[in-house]
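Chemist: Have a look at the structure that comes next, please.
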Amino acid sequence: MNNDFKDIMQNRKSIRHYDSSVKISRDELLEIINESISAPSACNLQSWHFVIADTLEGKKKLHDFLMPFNYPQVDTAPATIMVFGNTKSNTKSYLKYRDLWNGMVEEKKVTPEARDAAVNTFLPLYEKADRQMLVADAWLMPHSSPCN
Ligand SMILES: Cc1cc2nc3c(=O)[nH]c(=O)nc-3n(C[C@H](O)[C@H](O)[C@H](O)COP(=O)(O)O)c2cc1C
């Protein structure tokens, strides 16, 4: 494991050609995504949506959608994971948001008063949010989230 931050930053680079003989199983791809979604998200709403292109048909669809400078990456990579911000999950997620906090109360991680304070603060903000805010929120831009 490399914990040298300077080394990691200065020696990392974007990979644009992959070994296309390598196969990544669906199980492994799902494991990667399942571990990734423990990442922080605005109000913990996890407003993301993943699409995997790992079949010939899926990769062709993706290829046709992209600009030519991205062909080498997607054509040689065994799989491409596309990450989308889901704006609908924000507007429709107040039940999920309530459930989330109710679950934390049941697990005795927070008090009912803390739940009520959070739900009463953030739900109204999401319910009256305009599209620009929902897009910014789903695109994981912390400064644009009402949670910040
Ligand atoms: C918002 C954003 C969009 C990017 N889009 C592409 C892209 O479409 N294709 C690509 O190959 N690299 C893309 N990159 C990667 C940059 O081109 C790359 O990080 C930059 O040239 C520096 O090279 P390095 O990552 O090897 O240090 C993108 C980076 C950012 C931050």
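Chemist: Provide the packing ranking of 100-107, 11-18, i.e. peptides ordered by the mean count of other C-beta atoms within 10 Å per residue, highest first. Present the calculation step by step, with values, prior to reporting the outcome.
Modeler: Details: 100-107: 13.8, 11-18: 9.6.
Answer by packing, highest mean first, reads 100-107, 11-18.
Chemist: With a cut-off of at most 11 other beta carbons within 10 Å, and DSSP calling the residue loop, which trypsin sites (Lys or Arg not before Pro) in region 30-112 qualify? Please list them. Walk me through the intermediate numbers first.
Modeler: Values: sites: LYS59, LYS60, LYS61, LYS88, LYS92, LYS96, ARG98, LYS108, LYS109; in loops: LYS92, LYS108, LYS109.
Hits after loop and neighbour filter: LYS92, LYS108, LYS109.
Chemist: Here's a follow-up. How many percent of Cα pairs in the chain exceed 24 Å? Each step should come with its number before you reach the end.
Modeler: Values: 5669 of 10878 pairs.
The calculated P(r) of the chain puts 52 percent of pairs beyond 24 Å.
Chemist: Roughly how many percent of the accessible protein surface of the chain is carbon and sulfur, given a 1.4 Å probe and a whole-percent answer?
Modeler: Answer for the chain is 58 percent, counting heavy atoms of protein chains only.
Chemist: Let me ask something else. What percent does the relative contact order of the chain come to when contacts are Cα pairs within less than 8 Å and at least six residues apart? Numbers along the way, then the final one.
Modeler: Values: 128 pairs, mean separation 38.5, N = 148.
Across the chain, relative contact order equals 26 percent.
Chemist: On average, how much accessible surface per residue is there in the chain, in Å², for a 1.4 Å probe, leaving out ligands, DNA and RNA?
Modeler: Details: 10800 Å² over 148 residues.
Ligands and nucleic acids excluded, the figure is 73 Å² per residue.
The values are calculated or read from the model by the stated rules, or taken from the named source; none is laboratory data. This one's a predicted model, so the numbers in the text were calculated from it and none came from an experiment. With ideal geometry, Cβ positions are generated from the backbone for all residues, glycine too; neighbour counts draw on all protein chains shown. Surface areas here come from the heavy atoms of the whole protein model, side chains and all, with no ligands, DNA or RNA. Shrake-Rupley method; radii C 1.70, N 1.55, O 1.52, S 1.80 Å.
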